[in-house]
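Step one of this worksheet: look at the structure below.
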Amino acid sequence: MDLKKFIRSIPDYPKKGILFRDITTLIKDEKAFEETINQIIEKSEKFNFNKIAAIESRGFIFASAVSFALKKPFIMLRKKNKLPADTHSVDFELEYGKATIEIHKDSIDQGEKVLIIDDLIATGGTAEAAAKLIDLSKGSVAGFIFVINLFDLKGCDKLIKLGYEVENLINFPGH
């Protein structure tokens, strides 16, 4: 199944000059969503990991389904002030602004390997921040899987240069 045809492109969202790749058209089609989860599971087989983490919020959609299917614990990497217990925090740059993500300090035991899943990678700032959170938690990043890679924004290249393994399902230009 060609998953690319299920992604809607919206120009100038959330601000002028951004071409937003919308996954809502993918997840509303039950066969396309199932195929997406199956492809992520297939790609996850190359990684050795104990837990799955996802980046708020669209990453939760895919990672929770994969976590359920693989019977692996699921960790939420959330926006600032959304987690109720003690957290580690990392600030980072987005393509269109700044943000902070957090993880509960008790989410990962020392030495656990974590697979990070997200819907999309652009410049790699959010993914790099997620990796830093895993490191702060005394775990290690097993790898990354993204549904969409905006290849010309070079986020995957950035992660690979940092020594991470990266997989993705769909490639699109970012602009």
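The values are calculated or read from the model by the stated rules, or taken from the named source; none is laboratory data. All values derive from a computational prediction rather than experimental measurement. Counting neighbours? That spans all protein chains shown, and the Cβs are built from the backbone with ideal geometry, glycine included.
Values for this structure:
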item	result
Segment 4-23, subset of a type in the set (A, V, I, L, M) and over 17 Å from the mean Cα position of the chain (by Cα), residue surrounded by the fewest Cβ atoms within 10 Å (Cβ to Cβ)	10
Residue that is surrounded by the most Cβ atoms within 10 Å (Cβ to Cβ) [pool: residues in segment 24-73 that are touching a Phe, Trp or Tyr at 6+ places or on another chain (Cβ under 6 Å) and among the hydroxyl-bearing types (Ser, Thr, Tyr)]	67
Qualifying positions in segment 155-174 - within 15 Å of the chain's Cα centre (by Cα) and under 21 Å from residue 98 (Cβ atoms)	155, 158, 159
Positions within segment 137-146 being in a strand (DSSP E or B) and more than 8 Å from the chain's Cα centre (by Cα), in sequence order	140, 141, 142, 143
Residue list for segment 157-175, filter: more than 15 Å from residue 3 (Cβ to Cβ) and in contact with a helix residue (DSSP H, G or I) (Cβ under 9 Å, 6 or more places away or on another chain)	157, 158, 159, 162, 164, 165, 166, 173, 174, 175
Subset tally (residues that are touching a Gly at 6+ places or on another chain (Cβ under 7 Å) and of a type in the set (A, V, I, L, M)) for segment 106-148	7
Residues being under 15 Å from residue 53 (Cα atoms) and assigned to a helix (DSSP H, G or I) - total across segment 80-136	11
Any pair with Cβ under 6 angstrom, 6 or more apart, that starts in segment 23-35 at a residue that is over 12 Å from residue 8 (Cα atoms) and ends at one that is surrounded by 11 or more Cβ atoms within 10 Å (Cβ to Cβ) and at pLDDT 95 or above	29/6; 32/6; 32/26; 33/27
Hits in segment 22-79 - residues which are outside any strand (DSSP E or B) and among the aromatic types (Phe, Trp, Tyr)	33, 47, 49, 60, 62, 68
Checking residue 50 against (1) in contact (Cβ under 8 Å) with a residue 12 or more places away in the chain; (2) over 25 Å from residue 109 (Cβ atoms), the condition it does not meet	(2)
Test: residue in segment 114-136 that is closer than 30 Å to residue 3 by Cα and over 15 Å from the mean Cα position of the chain (by Cα)	no
Extreme residue, modelled with the lowest pLDDT, among residues of segment 41-88 that are under 28 Å from residue 25 (Cα atoms) and among the acidic types (Asp, Glu)	56
Selection count where residues are in contact (Cβ under 8 Å) with a residue 40 or more places away in the chain and either over 18 Å from residue 149 (Cα atoms) or of a type in the set (A, V, I, L, M, F, W, C) (or both), scope segment 110-128	10
